[in-house]
Amino acid sequence: MDRWKGRVALVTGASVGIGAAIAKSLVQHGMKVVGCARNVTQIENLAAECVRSGFSGTLFPYKCDLSVEDEVLSMFSWIKVQHQGIDVCINNAGLAFPEPLLSGKTSGWRTMMDVNVIALSVCTQEAYHSMKERYIDDGHIININGMCGHRVLHNADLHFYTATKYAVTALTEGLRQELRRAKTHIRATSISPGLVETELTYRLFSQNPEKAAATYKSIKCLQADDIANAVVYVLSAPPHVQIGDIQMRPVEQLT
């Protein structure tokens, strides 16, 4: 990770869970990290924690609603002014609502598409432009995907969310191919965790918190730090190594 010290990373959805763990880890490794979310209070608290811990990097909180394209574009403009641009983009932000295909609300579908797919694509495009205009040829774009991006569970509440993660799988491979055609050494990686103990399931089952708690108690789940460690592994790979996708799940998880 030494070559990333002092360089700039963007982590979306950095206020809690996987995003917070990734942001903290990259700061610990000496990077300048812009962490964005709609609520930045938790990111500000995390930034203060990083300072108290004596980490060599810095966390910069930024308030951004990723479902609003103008806010995303304004964030990249701010990053350009304050930090010249970014070298690493971690598309972590994601939403899951219990909206089945046969009974779900289109508003929930649209929100999941806006954040999980459209915002990820906009951030990817802006990150690439930021790297290209500064002649950064060793940048990295990492999409936090999920095992739902590779198989369909027998759970109607997750079917539309699963479709958005299948899109992330396709977009990551499409990005890799476009980067190759562009004759750049910028790399693209998808990280696909199984069940991770974060707030995602509690938000998914907000009307039934007992169900969420039971899900996490059923097996020994992955922790947010496990995914952060995978990000560090990906960024630590030699420049000639392309890690396309890491699929990781708890040992006890059956599907």
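The values are calculated or read from the model by the stated rules, or taken from the named source; none is laboratory data. The shown structure was predicted, so the numbers you read here are calculated from the model rather than taken from an experiment. Glycine also receives a Cβ, built like all others from the backbone with ideal geometry; neighbour counts cover every protein chain displayed. The area values use the complete protein model at the heavy-atom level, side chains included, leaving out ligands, DNA and RNA. Shrake-Rupley method; radii C 1.70, N 1.55, O 1.52, S 1.80 Å.
See the values below:
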item	result
Computed over segment 65-114: relative contact order in percent, which uses C-alpha pairs under 8 Å that are six or more apart	31 percent
Global geometry of segment 63-112, whether rounded, prolate or oblate, following the gyration tensor of its Cα atoms and the 1.5 cut on a/c	prolate
Computed lengthening from His185 to Arg3, 0.36 nm per intervening residue step minus Cα-Cα distance	64.0 nm
By accessible area with a 1.4 Å probe, ligands and nucleic acids excluded, highest first: order of Arg3, Arg52	Arg52, Arg3
Helix-derived mean residue ellipticity, 222 nm - over the chain, DSSP H n ≥ 4, -39500 (n - 2.57), to 500	-14000 deg cm²/dmol
Cα-centre dipole for segment 188-230 with unit charges at Cβ (Lys and Arg positive, Asp and Glu negative), debye to 20	160 debye
Accessible surface, segment 1-125, averaged per residue in Å² (probe 1.4 Å)	44 Å²
In Hz, Karplus ³J(HN,Hα) per residue of segment 30-36 (6.51, -1.76, 1.60; θ = phi - 60°; x = Gly, Pro)	x, 8, 8, 10, 8, x, 10
Student exercise, segment 57-206 dipole from Lys, Arg, Asp, Glu Cβ charges, in Debye to nearest 20	380 debye
Rounded accessible area per residue of segment 148-255, 1.4 Å, Å²	55 Å²
Candidates Ala237, Ala47, Ala228, ranked by Gaussian network fluctuation over the chain, Cα under 10 Å, top entry	Ala237
Global form of segment 10-66, assessed from the alpha-carbon gyration tensor, a/c cut-off 1.5	prolate
Cysteines, the chain, no other Cys beta-carbon under 4.7 Å	Cys50, Cys89, Cys123, Cys148, Cys221
Span from the segment 84-111 Cα centroid across to the segment 113-184 one, whole angstrom	12 Å
About the Cα centre, charge dipole magnitude for segment 76-151 (Lys/Arg +1, Asp/Glu -1 at Cβ), debye	240 debye
Of Arg187, Arg176, Arg151, the one that fluctuates the most in a GNM where the chain has Cα springs shorter than 10 Å	Arg151
The chain, accessible surface, carbon-and-sulfur percent (1.4 angstrom probe)	54 percent
Net charge of neighbours whose Cβ lies under 10 Å from the Cβ of Asp138, counting Lys and Arg as +1 and Asp and Glu as -1	+1
Contact order normalised by residue count of the chain, Cα under 8 Å, 6+ apart, percent	18 percent
Cα gyration tensor shape of segment 22-135, rounded if a/c is under 1.5, else prolate or oblate by comparing a/b with b/c	oblate
